[in-house]
Amino acid sequence: MWQEKNNSLYKKFKFKDFKEAFEFMGQVAELAEKYHHHPTWTNTYNKVEIWLNTHEAGDKVTDKDHQLAKEIDEVAQA
C-alpha cells in the first residue's frame, strides 16, 4: 500500500533477489519514460523504495503520481 508522507507517495517493494528487484526497476523505468515522470528511488539488494511527487506542481502529490503508482503496482504483481 502506498503511503503519503512528506509530500510524496512512498512504497517499499521486496523481491526474491537482486536480479528480480533490478528487473522490476527496468520495467518501472520504461513507465517513467512513457509518462515523462521519474521517481526518486533506492535499491539495496532485493529491496526497492520509491517516492513519487510532481516537481512542476511544487513537489506535491498529484493525479499523475497516483496513476504511476497504480501502474507500478501492476508491474510488481505480474
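Numbers below:
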quantity	calculated
Net length gained if the chain between Ala76 and Lys5 were fully extended (0.36 nm per residue, minus Cα distance)	23.4 nm
Dipole magnitude (debye, nearest 20) for the chain, charges at Cβ of Lys, Arg, Asp, Glu	280
Angle between the chain longest axis and helix 18-35 axis [Cα atoms, degrees, rounded to 10]	30
Pairwise label distance in nanometres, Asn43 with Glu56, each label 7 Å out on the Cα-Cβ vector	2.7
For the chain, calculated [θ]222 nm from helices alone, where every DSSP H run of n ≥ 4 adds -39500 (n - 2.57)	-14000 deg cm²/dmol
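Computed from the coordinates by the stated procedures, all read-outs in this text should not be read as laboratory data. In this text the structure is predicted, and so the values were computed from the model without any measurement. Here the Cβ is made from the backbone with ideal geometry for all residues, glycine too, and neighbour counts use every protein chain on show.
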